1. Just order 113-123, 90-100 by mean Cβ neighbour count inside 10 Å, highest at the front, would you?
2. Where is the GNM fluctuation largest for the chain (alpha-carbon springs, 10 angstrom cutoff): C103, C38, C74?
3. Hey, can you grab everything whose amide H is under 5 Å from the amide H of G52? Only 5+ residues off in sequence or another chain; H modelled, so Pro and N-termini drop out.
4. Charges only on Cβ, +1 for Lys and Arg, -1 for Asp and Glu: so what's the dipole of the range 2-126 about the Cα centre, in debye to the nearest 20?
5. HN-Hα J couplings of the range 93-101 from phi, Karplus 6.51/-1.76/1.60, θ = phi - 60°, integer Hz, Gly and Pro as x?
6. If you count, for each residue, the other Cβ atoms within 10 Å and average over each peptide, how do 39-48, 79-88 line up from highest to lowest?
7. Going 7 Å from the Cα of I50 toward and past its Cβ, which residues in the range 69-89 have a backbone nitrogen under 13 Å from where you end up?
8. Got a sec to turn the phi values of the range 107-119 into Karplus ³J(HN,Hα) couplings, 6.51 cos²θ - 1.76 cosθ + 1.60 with θ = phi - 60°, whole Hz, x for Gly and Pro?
Amino acid sequence: MTALTCTRGNVIRAVVVNSATDEYSNKSDYRTYTNLPCATHSAIRYVHAIGGDSSYPSPLFGTTSSLYRSFNTCATTSSSSHSSTSVMTCVSHNSCSKEFIECSFNASIGHTLPPNWASNTWAFFQTFP
């Protein structure tokens with residue numbers, strides 16, 4: 001999904017990404033993302049495990065979050081956003097050119113989608129007619 005928002009952001013209004021860590025030549029530096037530079041960007045909802053899981057280590061989620069903030073020129077501050085489940089907390093990043101919501105779910109659920117993922121995803125897409 002990151003590649004789509006990077007290369008086709010002019011036609012895709014919004015994307016939802018779950019547990020992606022993407023491709024970096026230096027995994028701690030979002031500026032080394034393989035597809036940079038990106039001309040346009042979409043609104044993004046990014047969902048990942050709080051402490052990582054068996055497939056994706058937590059530090060890579062931070063690098064991907066930084067990449068998405070850079071896509072949408074977001075400030076480093078954020079504010080709480082609604083979550084429909086107790087195993088997940090969400091924040092909305094401030095001053096973005098396009099919306100960026102980041103949700104972290106409790107790693108105890110393993111490498112699965114958090115509860116209500118489909119309905120939350122659909123609700124996010126519906127805000128971009």
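Every read-out reported here was derived from the displayed coordinates using simple, explicitly stated rules and does not represent laboratory data. What you are looking at is a predicted structure, and each value in this text was computed from that prediction instead of being measured. Using ideal geometry, Cβ is built from the backbone for each residue, glycine included, and neighbour counts are taken over all protein chains shown.
1. Details: 113-123: 15.0, 90-100: 17.4.
In descending order of packing, they fall as 90-100, 113-123.
2. Evaluated over the chain, the most mobile residue of the options is C38.
3. Those qualifying (amide H under 5 Å, at least 5 residues apart or on another chain) are S58.
4. Working: 7 positive and 6 negative charges, 53 e Å.
It works out to roughly 260 debye.
5. Using θ = phi - 60°, the values come out as 6, 8, 6, 8, 6, 9, 4, 9, 10 Hz.
6. Numbers: 39-48: 21.3, 79-88: 13.4.
Per-residue Cβ counts within 10 Å, averaged per peptide and sorted highest first, yield 39-48, 79-88.
7. Output list for this probe position: 86-89.
8. Ordered by residue, 3J(HN,Hα) equals 5, 5, 7, x, 8, 10, 6, x, x, 6, 4, 5, 5 Hz.
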